[in-house]
Amino acid sequence: MTSSTPPAAPPLGLVFTSLLRADFLVFLKHRRALIISMVLPVFLLVSTSSDKATHSFGGAGFIIGLAIAYGLLSTSLIGYALTVARDREKGVFQRLRVTPAPTWTIMTSRLAMQAVANLIIAIVAVIIGSQIHHISPSAAQYALVLGVSILAGAVFLSIGQALVGLVKSADSVQAAARVLFAALILLGLLGQTGALGSFWGSVARWSPVGVVMTLFNGVLNLHAWYSRDTLSLVACLGYIVVFAGIGIRWFQWDAR
């Protein structure tokens, strides 16, 4: 009587790089979505190029921060959440779970590609914004902007993860993401200008978009870093912990 030995599991590094390669090919295939996500940030930067508009938004740093925040919000909340929801309905995650790939590598690979997209948007926005608003960030400030972009992307990705964790249907995720996207846009635009009044202005300043804007303005104006900037950093970390916890706790790998 012979006993069959089960095949050895492939190395974890090979599994992860294979997932990254597959997600990168998908990223290249849908690169048009990335270009579309840059339209709103660039439009915002161009439309606020006047001195009056710059002053009403609190300075060039806040405008550039708002532009980057909207780009990251679009790719993370609408793009990432909707893609995950649709793949779940198509059974992509169910098929991946029967492979030797641990579940954490599946999501980490997708998040890594999303982080790359976020960095591209941030780099384009800060370069165009610096030219339009006539500021000259140092190399250290560019590095800090990229660091804040990673943090801001994590905030919006955690919100997207919470959305697909709480909502199963891809159509419902799409509808909810668009409503949430519009609400956060209005909070960022109108709240920063004071058009919503003192109460909603405070809500807007401490919303996910508001704290991200504050951080971007802080790193672009390091000489004027205040306690509010530090509290915004703490708020970002809090948003990540809360929304990521919700998204991980209630995420389902199948549509049933």
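What follows is calculated from the coordinates using simple rules that are stated; it is not laboratory data. What you see is a predicted model; the values in this text were computed from it and never measured. For neighbour counting, all protein chains shown are included, and Cβ atoms are generated from backbone atoms with ideal geometry for every residue, glycine included.
Site pair F43 and R86 shows an inter-label distance of 2.1 nm when each label is modelled 7 Å from Cα along Cα→Cβ.
Electrostatic tally near I248: other residues with Cβ closer than 15 Å to its Cβ, Lys and Arg +1, Asp and Glu -1, net +3. Near K29, which aspartates and glutamates are there with a Cα under 17 Å away, not counting those fewer than 8 places off in the same chain? Those aspartates and glutamates meeting the cut-off are D87. The ranking of L186, L180 from fewest to most other beta carbons within 10 Å of each one's beta carbon is L186, L180.
Neighbour counts of other Cβ atoms within 10 Å put L82, L28 in the fewest-to-most order L28, L82. Using only side-chain charges placed at the Cβ, +1 for Lys and Arg and -1 for Asp and Glu, the dipole size of the range 1-127 relative to its Cα centre rounds to 360 debye. Per-peptide packing, taken as the mean over residues of other Cβ atoms within 10 Å, places 244-250, 12-18 in the sequence 244-250, 12-18 from highest down. Volume per residue of the convex hull around the Cα atoms, evaluated for the chain, comes out as 145 Å³. Take every Cα pair under 8 Å whose residues are at least 6 apart in sequence, average their separation, divide by the length of the chain, and the relative contact order is 27 percent.
One decimal place: the segment S202-W253 gains 14.6 nm when fully extended, by the rule 0.36 nm per residue minus the C-alpha distance. Here's the picture: charge each Lys and Arg Cβ at +1 and each Asp and Glu Cβ at -1 in the chain, and of V42, Y142, V241 the one pushed furthest to the positive end of that dipole is V241. A simple count of charges around A101, restricted to other residues whose Cβ falls under 14 Å of its Cβ and scoring Lys, Arg +1 and Asp, Glu -1, yields +3. Taking other Cβ atoms within 10 Å as a rough exposure proxy, F156, F243, F181 sort from fewest to most as F181, F243, F156. Note on the chain: with charges restricted to the Cβ of Lys and Arg (+1) and Asp and Glu (-1), its dipole about the Cα centre is near 560 debye. Of all complete DSSP H helices in the chain, those with a Cα span along the helix axis of 27 Å or greater and a mean Kyte-Doolittle hydropathy of 0.5 or more are 103-132, 139-166, 170-193, 227-250.
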